[in-house]
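Below is one structure, written out as structure tokens; comments come after it.
Nothing in this text is a laboratory measurement; each read-out follows from the coordinates by a stated rule. Everything numeric here is computed off the predicted structure, so don't read it as measured data. Because the Cβ atoms are built from the backbone with ideal geometry, glycine has one as well, and the counts that use them run over all protein chains shown.
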Amino acid sequence: MTVTALDIVEFAAKAETITLRVGDVLFREGDDGDALYIVRRGTLQIVSGSTVYETVTAGGIVGEMAIIEEGAPRSATVIATAFAELIKIDTSNFLTLLAETPEFALTVMREMSRRLRIMNRRYRA
């Protein structure tokens, strides 16, 4: 059975819930990154300039790159395209989840790998 990020975080203590309305920006490209977010419901777009990288729905993760690469700025902007409810995982909770639930680390790595493969296919000659 594959464990999703949402499955794991539902059990995490101290997880803050963030709500966004259509058009709300979660974070902007270049912002400092202090958390990743798991989409509980709704739809978000990951964009850079006029390029839409991906549409993310329930169970998806955004913001993982900046929390893994400490000190790195956000690599894209994330905008709600429908009402969204997100679970915010700050650095402290992220590190706790990694220590207590190794499956969470695999879930995040699989998401990053999937996105990289999509970008590779998209920009292959």
*Going by how many other beta carbons lie within 10 Å of each one, how would you line up Ile87, Ile68, fewest first?*
Ile68, Ile87
*Quick one: order Asp32, Asp24 by neighbouring beta-carbon count within 10 Å, fewest to most.*
Asp32, Asp24
*Correct option for log10 I(q)/I(0) by the Debye sum over Cα atoms at q = 0.10 Å⁻¹ [calculated from the coordinates] among (1) -0.45; (2) -0.29; (3) -0.80*: (2)
*How do Ser48, Ser75 line up, fewest other C-beta atoms within 10 Å first?*
Ser48, Ser75
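Given a Förster radius of 25 Å and the C-beta distance between Ala72 and Ser50 as r, what FRET efficiency does 1/(1 + (r/R0)^6) yield to the nearest 0.05?
Details: r = 23 Å, r/R0 = 0.92.
Efficiency, from the Cβ-Cβ distance: 0.65.
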*Nonlocal amide H pairs with Leu26, under 5 Å, H built at 1.01 Å*: Val78, Ile79, Ala80
